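Before any comments, here is the structure.
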Amino acid sequence: MRRITTFAALATIGVAVLPAGRVMAQGSGEQAAFVQWQSPDDGARVGGQTYHVKAKVAFDGGVKNWTVEALAPDGADYPGYGAICEKAEGGSPAYVNIDCVWDTTAYPNDGGPAQNRPYVVRVTAQGGARSGAFSNGQAPAPRHEDRNVVVSNPVSTPRNVKLAWADAPRQATVQWQANPEPDIASYVVQEKFGDGPWKTVGQAGGKVTTFTRNLSAPGTYRYQVAAVRAAGSGTDTIQSAWAGPAAEPKQIVVEAPKRPETTTTTTEPAPAEAAGDTGPAGTPADPGTPAPTSAAGTTDGTGAPAPGPAPDGTTPDTGRAAAGLVSPIQPGAPGSVKSGGASFGSPVAPPAAKPKPADKPEQLDESERPDNGFSSALPYKQSAEAGADKEDGEAGRVLVGMPETVGGDDTRRLLIPMAAGLLLFVFAMHALYAARRAGAAAKALETE
């Protein structure tokens, strides 16, 4: 009896000095067992295709089998890895050193790429039945230990990046192949203009594989793409390396818009010029001396381009135009004055030439004389005394309505130059005013 009591006391002391991590159970056939972790640490960040899970398991009755699992936490919306290593030990050794290689990048059994998420690593051991006076002959219950880890693998570089350019909308398009990782958060697109730095110009969602951008400034544009995936916990992310287009075009060159081409307008010649009649009325043109021409149309005798007909059908005064002056009175249309783009009056056809007697020298009638801006029917009347003493062409004239006493030669010589000067002054002022109006109108058209 004393020996049994002493043995029980020694057994109690042995239980008290078991190493840390050992699990002890008694009764119902259960025997002492423990799991001693070596890696990973609790809360560790793991990754890679060959991550090692190491632990030591022991049972007093011997280790029958063991299993290493990577499980998703309770309530997670993503799968776990399941059993990654397991083994049945022959001979039931008292302890086993476990070294399990874990591919954290993919789920087992062709489950596809794994997500970067939190997982639970669990080591489970099963002991064999122990024989002896204190054993009931039944196998003990399995023992397990857990460690919380975070899987955080890098993201691969985007592949098959292509660049395209549409000239009509002036739009660049960047395309790429979707990454195999199931937890891609976004894609980042960067642009480089000329020799400048790379700048981020857009960020597409994790399911988007196309990015478009409108370009306006002339220059050379380059593009590159990177993928961003979840880091495993919280809002942390991991970015891949940059990838650009491998095939042409590798860059886009935007050219400056073309300037509008200048066109030359050829004016139609006047009917008389088209028929070859370049001389005065009634004189046929010399067929041996054709009038010179230029790219802008017909020219006059000096070689300068001859102006075309005016919108109202009249021909401008080429003499004044060559001197830089524009006459407000168009030749061949007395009484038609253009000022500031408006026309007053209507063209008046020149009268037909009158036949002249053969016995008198040729004299031009007043209606056939050059248009000098004065009318031949001025308010004059011929005095009877002057007509009796002088010939028809030299008879004196007096102003109508003036007293006869002031109609003498001295008065006439004084008043006629004054009246002519006054009329010339009025005409000059009107011409200056019309020229200024025409210049202002032309300037306004140029600004529009």
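So, with +1 on the Cβ of K and R and -1 on the Cβ of D and E, and no other charges, what is the size of the charge dipole of segment 43-167 about its Cα centre, to the nearest 20 debye?
Computed charge dipole of segment 43-167: roughly 260 debye.
Give the long-range amide H neighbours of Gln224: residues separated by 5 or more places, or on another chain, with amide H under 5 Å away, using H modelled in the peptide plane at 1.01 Å from N.
Here the answer is Gln190, since their amide H atoms fall under 5 Å of that of Gln224.
Based on the mean of other beta carbon atoms within 10 Å per residue, what is the order of 42-52, 436-446, most packed first?
Result, highest mean first: 42-52, 436-446.
For the pairs Lys162/Lys199; Lys54/Lys87; Lys192/Lys258; Lys162/Lys258, flag any whose C-alpha to C-alpha distance is greater than 22 Å.
Long pairs (Cα-Cα over 22 Å): Lys192/Lys258; Lys162/Lys258.
Between segment 413-448 and segment 159-224, what is the separation of their alpha carbon centroids in Å?
Each part reduced to its Cα centre gives a spacing of 67 Å.
Which net charge results for the neighbourhood of Ala247, defined as the other residues with beta-carbon distances under 15 angstrom from its beta-carbon, given Lys and Arg at +1 and Asp and Glu at -1?
Spelling it out: positives minus negatives among the neighbours equals +3.
Skipping prolines and chain starts, which residues have an amide H placed within reach, meaning under 5 Å, of the one on Thr105, given they are 5 or more residues away or on another chain?
Gly48
Bear in mind that the values in this text are calculations on the coordinates, not laboratory data. These numbers were taken from a predicted model, which means no experiment stands behind them. Neighbour counts run over all protein chains shown; Cβ positions are idealised from the backbone, glycine included.
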